[in-house]
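K.L.:
To start, I am sharing the structure in question, which I have written as structure tokens.
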Amino acid sequence: MQKVNDRRAAGKHSSGTRILHDTRAQVPSPKSQVPLESLAATLAARLAEQNKTLALAESCTAGLATALLAGVPGASRVLWGSYVTYTCEAKERMLAVPRALLERHGAVSAECACALARGALEQSGADLAAAVTGLAGPSGDGSETPVGTVWIACCRRGEEPRPQVFHFTGARNEVRLAAAEETLRAVWSLLENKAHDRSA
């Protein structure tokens with residue numbers, strides 16, 4: 001399985017949404033150096049250390065990232081809950097993603113991922129939110145968006161979401177599991193950036 005990670009920083013999407021990094025490089029999607037369960041446990045410990053709670057909004061992963069985190073003993077200290085917004089209707093009804101946004105940009109977009117993250121924060125009592133939306137395949141959604149495209153966005157209260165895009169190749173459930181893993185890693189990065197900000 002391979003992934004292309006397209007993170008654009010210091011720049012903006014055509015809609016004005018800020019996106020991390022501005023490089024595109026195709027690299028083999030590495031198997032985790034630690035099991036996903038260990039990644040989830042490490043993230044849970046970091047959230048607890050910073051006394052933060054997390055809400056998740058999952059579309060293509062349909063709760064996989066949440067399940068990984070919930071598998072950690074004591075996860076209730078840090079996992080506020082999650083929203084499985086698999087359809088556009090669910091995105092609208094559960095997290096108030098505007099229909100106009102979905103019609104203009106599509107469900108697999110930076111704009112949608114950011115709206116999901118904002119909605120998860122607004123609807124929950126969590127300190128942080130992460131959202132993931134993508135096309136796992138094997139077929140597309142009728143748009144020009146290629147199968148394997150996944151957008152992930154994270155944010156804290158009072159801050160704008162940080163979206164990033166991945167282009168995975170592989171079987172449907174490989175893509176979904178890779179997206180869940182990258183969602184947890186995105187939350188870790190958000191926490192680490194905050195920690196570095198405090199120490200600077």
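Please treat every number below as a calculation from the coordinates, not as lab data. Owing to the predicted nature of the structure, the values given are computational and were not obtained by experimental measurement. Note that we place each Cβ from the backbone using ideal geometry, even for glycine, and neighbour counts take in every protein chain shown.
K.L.:
List the residues, sorted by chain then number, that are 5 or more residues from THR149 or on another chain and whose placed amide H is less than 5 Å from its amide H.
P.N.:
Those qualifying (amide H under 5 Å, at least 5 residues apart or on another chain) are LEU135, PHE168.
K.L.:
Further question: In whole percent, what relative contact order does region 138-181 give with Cα contacts below 8 Å and a gap of six or more residues? Could the numbers behind the result be given before it?
P.N.:
On the way: 40 pairs, mean separation 14.4, N = 44.
33 percent.
K.L.:
Show me, for region 109-123, the HN-Hα J-couplings you get by feeding each phi into the Karplus relation (A = 6.51, B = -1.76, C = 1.60, θ = phi - 60°), rounded to Hz, glycine and proline as x.
P.N.:
For region 109-123, the Karplus-derived couplings read 7, 4, 4, 5, 4, 5, 5, 5, 5, 4, x, 4, 5, 5, 8 Hz, x marking Gly and Pro.
K.L.:
Another question about this same structure. Taking θ = phi - 60°, what integer Hz values does the Karplus form 6.51 cos²θ - 1.76 cosθ + 1.60 yield along region 35-50, in sequence order, with x for Gly and Pro?
P.N.:
x, 4, 4, 5, 4, 5, 5, 5, 5, 4, 5, 5, 4, 5, 4, 8
K.L.:
Sorted from fewest to most neighbouring beta carbons within 10 Å, what does the list LEU191, LEU54 look like? Mind showing how you got there, number by number?
P.N.:
Numbers: LEU191 20, LEU54 28.
Starting with the residue having the fewest Cβ neighbours, the order is LEU191, LEU54.
K.L.:
Sum up the charges of everything whose Cβ sits under 15 Å from the Cβ of VAL97, counting Lys and Arg as +1 and Asp and Glu as -1, but leave VAL97 out. Could the numbers behind the result be given before it?
P.N.:
Numbers: positive: LYS91, ARG93, ARG99, ARG104, ARG118; negative: GLU58, GLU89, GLU92, GLU103, GLU111, GLU122.
Here the charged neighbours net out to -1.
K.L.:
From the phi angles alone, apply the Karplus equation (6.51, -1.76, 1.60; θ = phi - 60°) to region 77-82 and give each ³J(HN,Hα) in whole Hz, x where the residue is Gly or Pro.
P.N.:
Ordered by residue, 3J(HN,Hα) equals 6, 10, 9, 5, x, 8 Hz.
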